[in-house]
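I have placed the structure first, in the form of structure tokens, so that the comments after it can refer back to it.
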Amino acid sequence: MSKITNILMVGVGGQGIILASDIISLAAMNNGYDIKKSEIHGMSQRGGSVFSHIRFGKEVHSPIIPFGKTDILISLEEMETLRWLKYTNKNTKIIYAKTQIKPSPDTIYPQGVEEAIRKEYQTVYSIDANEVKEKTGNSKFFNVVLLGLLSSFIDIDDKPWHDSLHKEVPLGTYDQNLLAFNLGKELLK
């Protein structure tokens, strides 16, 4: 049986989780993989939790990642990172944004998120959204920056990524999204 790659993307409404998961799914399919995806975005317009399970490999039967089987967790919001750790294991790669979005004004935001995650996981990448915004000129490309970083960890060639971006991103934004994707690839260097 061939290895199935399990990617869990999480965040809140408006951060581009669904678009990013569509880009990953199409890139994997264009690379010849069987792909299954499941997403929930019910309260997304109100800043609610949004998540997408993405699984690809030679043959995939279920779109849902079992608890503890996520290979890569990508989070666009710190508290959402904590909320989804039950799907991870000590070998899961964690890629998360240092972004804090309070669900309500009286929410007390947890402190020490990065320290807690680094204590339990071997591979953690925390990305400062403000630094990325300075480099790209716009925070709306942040989800694609994280895809560029993700591309360094999974077996999908560059052409399927570029083709997927071209098909999925809004008309007229391909060049900016490709720049953001390449910036993400450079984050490991």
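Condition check: assigned to a loop (DSSP other than H, G, I, E, B) and in contact (Cβ under 8 Å) with a residue 40 or more places away in the chain. Does Phe153 satisfy that? Judged against the criteria, Phe153 is a match. Screening the range 68-118 for residues that are in a loop (DSSP other than H, G, I, E, B) and among the charged types (D, E, K, R) and picking the one that is farthest from Asn130 (Cα to Cα) gives Lys69. Among the criteria (1) in a strand (DSSP E or B); (2) at pLDDT 95 or above; (3) surrounded by fewer than 20 Cβ atoms within 10 Å (Cβ to Cβ), the one Glu59 does not fulfil is (1).
Among the criteria (1) under 18 Å from Leu146 (Cβ atoms); (2) in a helix (DSSP H, G or I); (3) not aromatic (Phe, Trp, Tyr), the one Met29 does not fulfil is (1). Of all residues in the range 169-183, those that are surrounded by 19 or more Cβ atoms within 10 Å (Cβ to Cβ) and part of a helix (DSSP H, G or I) total 3. Every residue in the range 163-177 that is without any contact (Cβ under 8 Å) to a residue 40 or more places away in the chain and more than 11 Å from Leu147 (Cβ to Cβ), please. Of everything in the range 163-177, those that are without any contact (Cβ under 8 Å) to a residue 40 or more places away in the chain and more than 11 Å from Leu147 (Cβ to Cβ) turn out to be His166, Pro170, Leu171, Gly172, Thr173, Tyr174, Asp175. Of the residues that make up the range 151-164, is at least one surrounded by 15 or more Cβ atoms within 10 Å (Cβ to Cβ), aliphatic (A, V, I, L, M) and either modelled with pLDDT of 95 or more or in contact with a His (Cβ under 9 Å, 6 or more places away or on another chain) (or both)? There is at least one residue in the range 151-164 that is surrounded by 15 or more Cβ atoms within 10 Å (Cβ to Cβ), aliphatic (A, V, I, L, M) and either modelled with pLDDT of 95 or more or in contact with a His (Cβ under 9 Å, 6 or more places away or on another chain) (or both).
In the range 1-18, which residues are of a type outside the set (Lys, Arg) and over 10 Å from the mean Cα position of the chain (by Cα)? Hits for the range 1-18 are Met1, Ser2, Ile4, Thr5, Asn6, Val12, Gly13, Gly14, Gln15.
If I filter the range 109-132 for residues that are polar (S, T, N, Q), touching a residue at least 40 places away in the same chain (Cβ under 8 Å) and more than 19 Å from Thr5 (Cβ to Cβ), do I get at least one hit?
No: the range 109-132 contains no residue that is polar (S, T, N, Q), touching a residue at least 40 places away in the same chain (Cβ under 8 Å) and more than 19 Å from Thr5 (Cβ to Cβ).
Among all positions in the range 29-44, there is at least one residue which is under 19 Å from Ile4 (Cβ atoms), surrounded by fewer than 19 Cβ atoms within 10 Å (Cβ to Cβ), hydrophobic (A, V, I, L, M, F, W, C) and at pLDDT 95 or above.
The values are calculated or read from the model by the stated rules, or taken from the named source; none is laboratory data. The structure displayed is predicted, hence computed values, not measured ones. Methodologically, a virtual Cβ is constructed for each residue, glycine included, from the backbone with ideal geometry; neighbour enumeration extends over all protein chains shown.
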